[in-house]
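The next block holds one structure in the form of structure tokens; read it before the comments.
The values are calculated or read from the model by the stated rules, or taken from the named source; none is laboratory data. The model shown is predicted, which means the values in this text are computed figures rather than measured ones. Cβ placement follows ideal geometry from the backbone for every residue including glycine, while neighbour counts extend to all protein chains displayed.
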Amino acid sequence: MVVLAELEIYHSRPIAPTRRVAVGESVLPCDPAPGFGGILLGGLVAAHIGAVDPDLRPDLTKLTVQLEQGQRIPQPRLRYRFQHDRVGLLRSRHRLVGDGEELRFEFDDRGMPAQYVLGAVYAAGALPTEVRHDVMTTLRRAMRWGGAVGPDLVAALAGFDQASFTRSAFEDPIGWALDQLGFGVGVPTAARGGGPDRADVVRRFRLALREAHPDHGGEAADAAQRIADLTEARRILLGRTPLAG
């Protein structure tokens, strides 16, 4: 097991008369955006947004926009005051961990839902400008999540089809897609300024799709997963690499 992203949130105790939130130490990698850091922050929001007063949610959305644009933030927000001083506050720690190809959340449970949601949003607001938009978009997507906090959520936050999502696919989506369509390690990736052309991607996809189908010798038990992987690989290569044509 390896820790892929981590965030400390400091907050007043549930019985305290004052409502305060601060962000502590963090490890929030966001490359490629939203990265493991963005998935952790989005997971925190999705896991706790259901317990936040619906009347406060428009202000929460407004806060994400203000932080994304680097504006001055009036206080309090969601009835909590954000501060940098952590003295007298309770610490909670939240992680995204990888266990083989699986990703899972490990959330502390000593705080209140609004504290965790605010902590995630303020942490996103402190990220570098070049990734902040993508991460805030992920958080706004998380605010609309209505399902369980599990693999489907992780895939949705990462922008993948759930059936095809794996840790390696997220870490290097283009490399994973090239491998799925059988291009091999010698094919240049977008990072090197190259990539297969559109016609070759489509040709490889159709050939692999035919081979995966049970009518043409593919394993029936694995066909649905293989077809989902091939479809996702095609989407990645046609949408993210500098293809000709």
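Here L41 meets each of (1) surrounded by fewer than 20 Cβ atoms within 10 Å (Cβ to Cβ); (2) in a helix (DSSP H, G or I) with one exception, condition (1).
For V87, the criteria (1) free of Cβ contacts under 8 Å to residues at least 12 places away in the same chain; (2) assigned to a helix (DSSP H, G or I) hold in every case but one, which is (2). Taking the stretch 167-195 on its own, how many of its residues are in a loop (DSSP other than H, G, I, E, B), buried (at least 16 other Cβ atoms within 10 Å of the Cβ) and at pLDDT below 80? Selection size over the stretch 167-195: 3. Could you check T64 against (1) in a helix (DSSP H, G or I); (2) at pLDDT below 95; (3) of a type in the set (S, T, Y) and say which number it fails? Looking at each condition in turn, T64 falls short on (2). If you go through the stretch 22-61 and pick out every residue that is among the β-branched types (V, I, T) and farther than 18 Å from H11 by Cα, you end up with 3.
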